[in-house]
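Trainee: Below is the structure I would like to discuss, written out as structure tokens.
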Amino acid sequence: MRERGETVRQTPKSMWSLETLGRTRLSRYFFLRDFMHSEISAFYGIPNIPENPDAVVAAGKALAQTLLDPLVETFGPIAIRSGYRSAVLNKFGNDHKLNCARNDANGAARIWERTDRHGNRGACATIVIPWFADQYDQGRDWHDLAYWIHDHLNYHEQYFFPKLAALNLTWRENPQGRILSYIAPKGRLLASGAEPAEPKAQRQKRYADFPPFRGITYPPLPKRWRRDTDEP
């Protein structure tokens, strides 16, 4: 439901309207601007501008509130290495072999305003958790973080990379919960919808020294400040 007083966001036609869109708050800790920077866009001069801002904002809010805010609450600040790509920018990246998947495979992932082939909305961001990256650089197993996320967050996909244990973290409707990695041994740690090979008690030992999980519980607004769309 659209919030009271909110207008339909149009594809930005000026710097000012793009600035306003970028300042849209997605969650307690994140704004849309945090996800819009792209080196491909900056280097090749291809604007990274949403075709459907409302859909981008809706998917971005779900990603930030469901997955990223709890990470910040638990581990402190996280770094966004890359996030949203417009269909135009993503196609250019794929055509020029710049580590971008095809557009038809990137709906509900990098292209936030497009659904996947099943009609599910979604959004993906590449993140680094500095608290864990410092330990990973000293030899800690990336599986420890992967299993912590699996046991605490309602994610669709994790995809890990060797540098800093960065990962693509995806929110999606009807999440599948799969884990893949470019870190040796490369491949699939957990198939879609499957149970991990390690029992939960064994997984918990991996991350027993992690900070206590602190998923955000938003306090209710005072009655006089509630909107029609707020929960009672």
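Trainee: Can you tell me which residue is surrounded by the fewest Cβ atoms within 10 Å (Cβ to Cβ) among those in the range 146-171 that are over 15 Å from the mean Cα position of the chain (by Cα) and charged (D, E, K, R)?
Mentor: Checked the range 146-171; the qualifying residue surrounded by the fewest Cβ atoms within 10 Å (Cβ to Cβ) is K163.
Trainee: Would you check which residues across the range 21-42 are part of a loop (DSSP other than H, G, I, E, B), more than 14 Å from S86 (Cβ to Cβ) and in contact with a Phe, Trp or Tyr (Cβ under 7 Å, 6 or more places away or on another chain) and list them? Don't jump to the end; show me each part of the working.
Mentor: Going residue by residue through the range 21-42, those that are part of a loop (DSSP other than H, G, I, E, B) are 23-24, 26-30, 36-38.
The next check asks that each one be more than 14 Å from S86 (Cβ to Cβ); those that pass are 23-24, 26-30.
Scanning the range 21-42 gives R23, T24.
Trainee: When the residues of the range 43-57 are narrowed to those that are out of contact with any Lys or Arg (no Cβ under 8 Å at 6 or more places or on another chain) and assigned to a loop (DSSP other than H, G, I, E, B), which ends up farthest from C124 (Cα to Cα)?
Mentor: The first filter runs over the range 43-57 and keeps only residues out of contact with any Lys or Arg (no Cβ under 8 Å at 6 or more places or on another chain), leaving 43-47, 49-52, 56.
The next check asks that each one be assigned to a loop (DSSP other than H, G, I, E, B); those that pass are 45-47, 49-52.
On the way: G45: 23, I46: 20, P47: 19, I49: 16, P50: 15, E51: 17, N52: 16 Å.
Within the range 43-57, the match that is farthest from C124 (Cα to Cα) is G45.
Trainee: Look through N120, N154 and report the one residue that is of a type in the set (S, T, N, Q), under 18 Å from E73 (Cα atoms) and in contact (Cβ under 8 Å) with a residue 24 or more places away in the chain. Walk me through it before giving the result.
Mentor: Values: N120 fails: under 18 Å from E73 (Cα atoms).
Only one candidate passes the filter, namely N154.
Trainee: I would also like to ask the following. Name the residues in the range 178-210 that are at pLDDT 95 or above, in a loop (DSSP other than H, G, I, E, B) and either in contact with a strand residue (DSSP E or B) (Cβ under 7 Å, 6 or more places away or on another chain) or basic (K, R) (or both), would you?
Mentor: Listed by number, the residues that qualify are Y182, I183, A191, S192, P196.
Trainee: Take the residues in the range 116-130 that are touching a helix residue (DSSP H, G or I) at 6+ places or on another chain (Cβ under 9 Å) and surrounded by fewer than 17 Cβ atoms within 10 Å (Cβ to Cβ), then tell me which one is nearest to K163 (Cα to Cα).
Mentor: My answer is P130.
Trainee: A follow-up question, please. Given the condition touching a Lys or Arg at 6+ places or on another chain (Cβ under 7 Å) and under 24 Å from D34 (Cβ atoms), answer yes or no: does some residue in the range 135-151 qualify? Write out each step before concluding.
Mentor: First, pick out the residues of the range 135-151 that are touching a Lys or Arg at 6+ places or on another chain (Cβ under 7 Å): 143-144, 147, 151.
Among the residues that remain, those that are also under 24 Å from D34 (Cβ atoms) are: none.
Checking the range 135-151: not a single residue is touching a Lys or Arg at 6+ places or on another chain (Cβ under 7 Å) and under 24 Å from D34 (Cβ atoms).
Trainee: May I ask you to verify whether D141 is surrounded by 11 or more Cβ atoms within 10 Å (Cβ to Cβ), more than 15 Å from the chain's Cα centre (by Cα), acidic (D, E) and modelled with pLDDT under 95? Spell out how you get there, then give the answer.
Mentor: On the way: surrounded by 11 or more Cβ atoms within 10 Å (Cβ to Cβ): yes; more than 15 Å from the chain's Cα centre (by Cα): yes; acidic (D, E): yes; modelled with pLDDT under 95: no.
Taking the combined requirement at face value, the residue does not satisfy it.
Trainee: Find all pairs meeting these conditions: Cβ atoms under 9 angstrom apart; at least six residues apart or on different chains; first residue within the range 67-85 and in contact (Cβ under 8 Å) with a residue 60 or more places away in the chain and closer than 12 Å to I129 by Cβ; second residue of a type in the set (D, E) and surrounded by fewer than 18 Cβ atoms within 10 Å (Cβ to Cβ).
Mentor: none
Trainee: Does the range 163-177 contain at least one residue that is closer than 25 Å to R33 by Cβ, of a type outside the set (A, V, I, L, M), assigned to a loop (DSSP other than H, G, I, E, B) and in contact with a strand residue (DSSP E or B) (Cβ under 7 Å, 6 or more places away or on another chain)?
Mentor: Within the range 163-177, one or more residues are closer than 25 Å to R33 by Cβ, of a type outside the set (A, V, I, L, M), assigned to a loop (DSSP other than H, G, I, E, B) and in contact with a strand residue (DSSP E or B) (Cβ under 7 Å, 6 or more places away or on another chain).
Trainee: Here's another thing I want to ask about it. Kindly indicate whether Q138 is under 22 Å from G60 (Cα atoms) and either out of contact with any strand residue (DSSP E or B) (no Cβ under 6 Å at 6 or more places or on another chain) or in contact (Cβ under 8 Å) with a residue 60 or more places away in the chain (or both). Reasoning before the result, please.
Mentor: Working: under 22 Å from G60 (Cα atoms): no; either out of contact with any strand residue (DSSP E or B) (no Cβ under 6 Å at 6 or more places or on another chain) or in contact (Cβ under 8 Å) with a residue 60 or more places away in the chain (or both): yes.
So Q138 does not fit the description; no.
Trainee: Hey, another quick one. Looking at K97, K91, which one is among the basic types (K, R), over 27 Å from G22 (Cα atoms) and at pLDDT 95 or above? If you could, list the steps in order and put the result at the bottom.
Mentor: On the way: K91 fails: over 27 Å from G22 (Cα atoms).
From the options K97, K91, the qualifying one is K97.
Trainee: For L89, only one of the following conditions fails: (1) touching a residue at least 40 places away in the same chain (Cβ under 8 Å); (2) under 17 Å from L169 (Cα atoms); (3) surrounded by 15 or more Cβ atoms within 10 Å (Cβ to Cβ). What is its number?
Mentor: Only one criterion in (1) touching a residue at least 40 places away in the same chain (Cβ under 8 Å); (2) under 17 Å from L169 (Cα atoms); (3) surrounded by 15 or more Cβ atoms within 10 Å (Cβ to Cβ) is unmet by L89, namely (2).
Trainee: Now for a different question. So which residues in the range 12-42 are closer than 15 Å to N90 by Cβ and not small (G, A, S), if there are any at all?
Mentor: F35, M36, H37, E39, I40
The values are calculated or read from the model by the stated rules, or taken from the named source; none is laboratory data. Because the structure is a prediction, the values reported are computed rather than measured. Note that each Cβ is placed from the backbone with ideal geometry, even for glycine, and that neighbours are counted across all protein chains shown.
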